[in-house]
Amino acid sequence: MSGDGRAGTGDEDGVRDARRIPGPRGAVDDLDLEAVPPPPLPPPGTGTPGEAVPEQSGADAAAPADEDTASAADAAGTAGDRAPGERDAPGGPPHAAPDGPAEPGKDGPAEPGPDAGGPSEPGTDRTPADAAPAPDPAPAPDPEPCVSTAPALPHRDLQALLGAWALSVCSAEETAAVEDHLPRCVPCADEARRLREAVGLLHSDGTLDLDATLRSRVVEGCLARRPAHIPIPEWVAPYDAETARLDALLRDIGDADWNAKVRLRWFEEERRTDRWTTVGGVISHLTAVDGLLSAALGLDDPLGAGAPLDPAERTEAYWAAGGSPARAVRAVREPWRAQSHELIRTSSFAGRNAAETSVSYGSFALPLQDAVVDRAFECWVHGWDIAEAVAYPYPAPSAAHLHLMIGLAARMLPAALAGRRRAGLAGPARELVVPGEPGRSLHLEIEGHGGGDWYIALDSPAALGTRATAVAQVALDAVEFCRLVAGHISPEEAAAGQEGDREAIRDVLFAAASLSRL
């Protein structure tokens, strides 16, 4: 080296063959990733048995093993740092140009690398083919059972959504997260199953109201096992059933419903009449009229001795005496229910001896067996009025009991028709009939629940109605006919199938409506 610090000409070859210092590295963001070679692949025979080795093509397949081990830092160097004649192979590290064989001493002889089949050098991560395989790593522990895979919904939130999920009110995203979580969490899956079963109990297809025939079926089942020592007579059974049904309604409604406005309707002087009261007023009305039967059986009359016999007058007197619509619930319901129980008990013990006992209503009288069926009919009608006022389901009586009520009304029609004829409200009699003999009649056909066929004598209450002497026919639904008899609909509103004598049909329909009263 000369005094000015420059190498002499004699040492140019040594300087040229010396290793070069790489140029400055570029920034990571500026690094050309396409120029970085892929990681070297192990040669055949050194990998795990059964492991597939990807195929190489192009320049990578022709590159020597020692060139595959070149570092990425040398590939990222600048072109100015390389010796003349060197270039970058596509996708690989720099290597000598294929102009000719490399000059001896240029870069030194190629040292055998680990890919050449020799033993691995200390510090390398290569394993010889004949080395013992490494032991299998320990299996990873199972994930926690209550860890959700949903990143936005942790386990606590998913657990809080189980109730909403059971009710099917979650959003689509929440539903998917919960359903993805349940197979991985046993406690949450058990809780979700219990909640779904509870929701199934909330959605009942059937009504929650008791069947109207439940009481009679239970009583029949009990009596089939042990017959009653003193059975209830057949003509008392409708009153027993209807008072029990009305009492169940009164137990179900709230205290505030006792002040609900109830409309009582009946037919009077060729037109419908109504009267507004409360639930308590209706029960007081039933108590006052039922007192007529109590007096006939020798029991205490709630109005006392000397009370009027007309049902409307008795009701007004009872309201004035303290049974007003504004009375407390217990003060109205309990006396009525105790009185109905006593009527049923006394009639049952009296048996046949009391069936023909006359019960006076002032302007007419009925045998006790008919009077009890009449009170059962009125109890059902007014129970229907209360149910409409408080929006309570109230079905019709059983078929057997409804048939008895319709039969009583049909037997009362000839006398009601004769009374209207005397008042000039019905057409005159067409024939004179000997009592007990067949005469002109109307065929009353009641369809549906509790229906049947009745033949109404037209010219005399003592005549006998028969099919052969029928001059007209009227067909009505059973409940529709009862509404007509109760005064809830007018004769013109009754949906009746009519055939035959129009005057006879009109007289019978109006006579049916006249049977109603307060």
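Once divided by 2.2 N^0.38 Å, the Cα radius of gyration of segment 253-362 becomes 1.15. Think of a 1.4 Å ball rolled over the protein heavy atoms: segment 438-518 then has 38 Å² of accessible area per residue. Each peptide in 480-492, 348-360, 441-453 gets a packing score, the mean of other Cβ atoms within 10 Å over its residues, and the list from highest to lowest is 480-492, 441-453, 348-360. Computed over segment 418-518, the P(r) tail beyond 23 angstrom holds 22 percent of alpha carbon pairs. Kirkwood analysis of segment 363-477, using all unique Cα-Cα pairs, places the hydrodynamic radius at 15.8 Å.
For segment 452-518, carbon and sulfur atoms together expose 49% of the accessible surface, with a 1.4 angstrom probe and every protein chain in place. Charge tally around Asp385: other residues with Cβ under 15 Å, Lys/Arg +1 each, Asp/Glu -1 each, net +3. Packing, as the average of other Cβ atoms within 10 Å across residues, places the peptides 410-417, 332-339, 187-194 in the order 410-417, 332-339, 187-194, highest first. Compactness of segment 238-285 was expressed as the Cα radius of gyration divided by 2.2 N^0.38 Å, which yields 1.37. The residues of segment 337-401 expose, per residue, 41 Å² of accessible area to a 1.4 Å probe. For segment 383-451, a Kirkwood hydrodynamic radius built from all Cα pairs, placed in the Stokes-Einstein relation at 10 °C and 1.306 mPa s, yields a translational diffusion coefficient of 104 µm²/s.
The values are calculated or read from the model by the stated rules, or taken from the named source; none is laboratory data. As the structure is a prediction and not an experimental result, all values here were calculated from the model. Virtual Cβ from ideal backbone geometry, glycine too; neighbours counted across all protein chains shown. For accessibility, only protein heavy atoms count, side chains too; no ligands or nucleic acids. Shrake-Rupley method; radii C 1.70, N 1.55, O 1.52, S 1.80 Å.
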